[in-house]
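Report on the following structure.
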Amino acid sequence: MNFRDVPNLQKFEEHARAHSSCEITIDAYRRVREIIGPVDAPAHVVDFNDIAPLNNLKASCAAIEKATRVLWACAAATNHVLPPLWNYLPDYESALQYFTTLSDIELMAVTKEHHLDWNQTGAVPSE
């Protein structure tokens with residue numbers, strides 16, 4: 001799978017290319033690339049009589065979910081979450097730990113109340 005296969009990942013890739021001097025963004029980009037690279041792109045049409053595409057779909061969904069957690073950690077640490085999650089900018093490692101330990105339901109609750117805005121021009125560390 002690559003970034004262009006998923007709209008949210010593609011937006012992040014564009015942001016990362018435009019902010020190549022931001023160490024946090026580049027680290028997140030590399031992490032996401034490592035997560036999604038070994039996985040096949042999500043199938044557009046699934047034949048429920050063939051188990052292989054279903055297994056591929058399961059793997060691509062799991063990779064997208066893991067990558068999403070990295071995106072949120074990057075966004076939180078670089079001031080690209082609206083409204084902000086906290087009244088301070090967390091360090092990247094703490095944000096990664098926070099988002100990777102959230103249960104799926106907790107992550108859904110956070111993402112329901114907040115959204116990523118890669119166009120926001122707030123203070124971005126290391127740029």
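At a glance:
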| read-out | value |
| --- | --- |
| Area of Glu106 that stays accessible when all protein chains are in place (1.4 Å probe, Å², to 10) | 90 Å² |
| Pair-distance profile P(r), taking every C-alpha pair of the stretch 65-106, with 5 angstrom steps and integer % | 6, 27, 34, 24, 9, 0 |
| Helix-only CD estimate at 222 nm, as mean residue ellipticity for the chain, using -39500 (n - 2.57) per DSSP H run (n ≥ 4) | -18500 deg cm²/dmol |
| Per-residue HN-Hα couplings for the stretch 87-98 [Karplus 6.51, -1.76, 1.60; θ = phi - 60°; Hz; x = Gly/Pro] | 8, 8, 8, x, 6, 4, 4, 5, 5, 4, 4, 4 |
| The chain - percent of accessible surface contributed by carbon and sulfur, probe 1.4 Å | 52 percent |
| Per residue accessible area in Å² of the chain, where ligands, DNA and RNA are left out and the probe is 1.4 Å | 60 Å² |
| Helix axis angle, 104-113 relative to the chain longest principal axis, alpha carbon, degrees | 50 degrees |
| Unit Cα scatterers, Debye sum, the chain: log10 I(q)/I(0) for q = 0.18, 0.23 Å⁻¹ | -0.95, -1.41 |
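The values are calculated or read from the model by the stated rules, or taken from the named source; none is laboratory data. These figures come from a predicted structure and were not determined experimentally. Accessible surface areas use protein heavy atoms only, side chains included; no ligands, DNA or RNA. Shrake-Rupley method; radii C 1.70, N 1.55, O 1.52, S 1.80 Å.
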